[in-house]
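Below is one structure, written out as structure tokens, with a few remarks after it.
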Amino acid sequence: MKKLSNVHPTIFVIFGGTGDLNKRKLAPALYNLFREGYMPSKFAIIGTGRTNYSDQKYQEELLNSVNQFSRNGKVDKSIWDKFESNIHYCSVNISEQDSFQNLKVAIDSYQKEFGAETKVIFYLAVAPNHFATIAKSLCKHKLTQDENNSRIVIEKPFGNDLETAKELNLLLSEIFTEKQIYRIDHYLGKETVQNMMAFRFANSLFEPLWNRTYIEHVQISVTEQLGVGDRGGYYEGAGALRDMIQNHLLQLLCLVGMEAPISFNADEIRNRKVEVLKAVRPFTEEEISFNAVRGQYTKGWVEGKEVLGYRNEKGVDPQSNTETFAAVKFFIDNWRWQGIPFYLRTGKRLNQTSSIITIQFKDVPHHIFSEGTSETWQQNRLIISIQPEMSIRLQVQSKRPGLDMVLNPVDMVFDYKGTYSEDTPEAYETLLLDAMTGDQTLFMRGDQVETAWELVMPIIHAWENKTSLNFPNYTADSWGPETAEALIARDGFHWFTLPLKEK
Ligand code: BG6
């Protein structure tokens, strides 16, 4: 069902309108929504920034970005021409109140033209230290009071720790109601991540097995080949725990671990997710070193090119203690998951870019086949591959054709590419459309963000207070530090990876 019916005239105000996120993600997403008929018939995109641009110059800038970064390649000229007539630029210096007055005038004039039901979405694609200033100024200029029609979208990182996240939540709650606040975690907009809800709750087959009786352990692995690139300045104050585990990986853990919601209602789903986070066993100080390991990459070779070590990247302290890799073993203390380890790992400059969730089932209770019959005996596994391969594979034992009884594992695969001919929308297309239609299901609620911070804070403190003596401890293009292998090997398991497909 197309969500279009809920889309009212909309004014998108993008703070950070000349920034990287807008160029790479937001502008291409809005264009693709327009191209596919998902934008409302009346809409305006107001890019803001400190630079002085005319509308025409700004439109040209965005055209270049969309041509470069859209999943559909270069724009179709006739579609772009219609789209660009909705793009405007308003120069805003966020530390000057007069600038907001100019913005208000622009918004008011569109609102008059579009009618009373017009939604105004303020998208904060700026550094987090500007969130509070912008929110306060919007409030001061009376741009936020209409709780049915004005919304704010906040990019991650939402706070830098529990305390700052709480402060930000408090400030936002003084200005907006929770239904106006859209906290982004772009992983939730990914097609394969959304499909986890369908997979778990639209099939009766897996639910009876989805518990500690049948599942042995769960792995959530988000590995990246890229290094920090030119984001060293930001990353130094973040590290893998803040940048990935606190948000993306814990969200994936919620989707695997949550109870069945009673409906597809945003708050119902978010309640079920918060319950999982609340049930995750917090670490005592002594437990941290047994359950969490960190790493930092050193230089190496990636696809024939020499790459820098983290400490030599731009904006990075040559003695940096920031982790570019983290692996954590969590337990969820409830009836469904008691005693079942959830291993999470993520890192930069690793051997593969891939995000996969592996559910390993327990072994059969009794082996009737002799040892010789099974070439590579393997317990059943369900592998949900989020990216770059988009698939779900169930690995089962089967008999090899032939006169002898020989067993080996085979994959039953649902592969998006082979099943659907449609292109998959980018996460930002889904999320922007949801922000327009007022659907908060795929956005983080305030308590969710705080609970996730609560979980990682003890690890953050322990790591910040104790400089790692062995950094850097993994080579670019490897699978991370040996301690990460040891973390899982101690329990008799190993990290699972999918074989790379030929390029
Ligand atoms: C971002 C992190 O949130 O997610 C980046 O800040 C990371 O460091 C990125 O590279 C990964 O997203 P994706 O969609 O490429 O898996």
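The values are calculated or read from the model by the stated rules, or taken from the named source; none is laboratory data. Only a predicted model underlies this, so the values are computations on that prediction, with no experimental measurement involved. Here the Cβ is made from the backbone with ideal geometry for all residues, glycine too, and neighbour counts use every protein chain on show. SASA here: full protein model, heavy atoms, side chains in, ligands and nucleic acids out. Shrake-Rupley method; radii C 1.70, N 1.55, O 1.52, S 1.80 Å.
Hey, can you tell me all the residues within the stretch 210-237 that are open to solvent by less than 10 Å² (accessible area, probe 1.4 Å) and more than 9 Å from the ligand (Cβ to nearest atom)?
Trp210, Ile215, His217, Val218, Gln219, Ile220, Ser221, Thr223, Gly232
Determine which single condition Lys42 fails, assuming it passes every other condition in (1) within 19 Å of Leu432 (Cα to Cα); (2) open to solvent by less than 70 Å² (accessible area, probe 1.4 Å); (3) touching a residue at least 40 places away in the same chain (Cβ under 8 Å).
Condition not satisfied by Lys42: (2).
Could you tell me whether any residue of the stretch 269-285 is assigned to a helix (DSSP H, G or I), open to solvent by 30 Å² or more (accessible area, probe 1.4 Å), touching a helix residue (DSSP H, G or I) at 6+ places or on another chain (Cβ under 7 Å) and at pLDDT below 95? First the steps, then the outcome.
Filtering the stretch 269-285 down to residues assigned to a helix (DSSP H, G or I) leaves 269-279, 285.
After this cut, where a residue has to be open to solvent by 30 Å² or more (accessible area, probe 1.4 Å) as well, the list is 271-272, 275, 278, 285.
After this cut, where a residue has to be touching a helix residue (DSSP H, G or I) at 6+ places or on another chain (Cβ under 7 Å) as well, the list is 278, 285.
Subsequent filtering for residues that are at pLDDT below 95 retains 285.
Among the residues of the stretch 269-285, at least one is assigned to a helix (DSSP H, G or I), open to solvent by 30 Å² or more (accessible area, probe 1.4 Å), touching a helix residue (DSSP H, G or I) at 6+ places or on another chain (Cβ under 7 Å) and at pLDDT below 95, which makes the answer yes.
Let's see how each residue does on (1) part of a loop (DSSP other than H, G, I, E, B); (2) of a type outside the set (Val, Ile, Thr); (3) within 16 Å of the ligand (Cβ to nearest atom):
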| residue | (1), (2), (3) |
| --- | --- |
| Gln352 | yes, yes, yes |
| Gln360 | no, yes, no |
| Ser385 | no, yes, yes |
| Ser398 | no, yes, no |
| Lys417 | no, yes, no |
| Pro425 | yes, yes, yes |
| Glu429 | no, yes, yes |
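Identify, please: which residue in the stretch 369-389 is crowded, with 20+ Cβ neighbours inside 10 Å and at pLDDT 95 or above and is, among those, nearest to Trp210 (Cα to Cα)? Break it down stepwise before answering.
Step one: filter the stretch 369-389 for residues crowded, with 20+ Cβ neighbours inside 10 Å, giving 382-386, 389.
Those left that are additionally at pLDDT 95 or above: 382-386.
Numbers: Leu382: 11, Ile383: 14, Ile384: 14, Ser385: 18, Ile386: 19 Å.
Filtering first and then ranking leaves Leu382.
Going residue by residue through the stretch 178-188, is there one that turns out to be more than 16 Å from the ligand (Cβ to nearest atom), more than 23 Å from Val456 (Cα to Cα) and part of a strand (DSSP E or B)?
yes
If we keep just the residues of the stretch 20-39 that are out of contact with any helix residue (DSSP H, G or I) (no Cβ under 6 Å at 6 or more places or on another chain) and open to solvent by 20 Å² or more (accessible area, probe 1.4 Å), which is farthest from Arg231 (Cα to Cα)?
Start the filter on the stretch 20-39 by keeping residues that are out of contact with any helix residue (DSSP H, G or I) (no Cβ under 6 Å at 6 or more places or on another chain), which leaves 20-22, 26, 30, 36-37.
Keeping just the survivors that are open to solvent by 20 Å² or more (accessible area, probe 1.4 Å) gives 20-21, 36-37.
Numbers: Asp20: 11, Leu21: 12, Glu36: 33, Gly37: 35 Å.
Going through the qualifying residues, I end up with Gly37.
Filter the stretch 238-261 for residues that are in contact with a helix residue (DSSP H, G or I) (Cβ under 8 Å, 6 or more places away or on another chain), open to solvent by less than 20 Å² (accessible area, probe 1.4 Å) and outside any helix (DSSP H, G or I) and give the result.
Passing the criteria: only Met258.
Quick one: in the stretch 326-339, of everything that is open to solvent by 10 Å² or more (accessible area, probe 1.4 Å) and of a type in the set (A, V, I, L, M, F, W, C), which residue is farthest from the ligand (Cβ to nearest atom)? Spell out the reasoning first.
Taking the stretch 326-339 first, the residues open to solvent by 10 Å² or more (accessible area, probe 1.4 Å) are 329, 331, 333-336, 338-339.
Subsequent filtering for residues that are of a type in the set (A, V, I, L, M, F, W, C) retains 331, 335.
On the way: Phe331: 26, Trp335: 32 Å.
The qualifying residue farthest from the ligand (Cβ to nearest atom) is Trp335.
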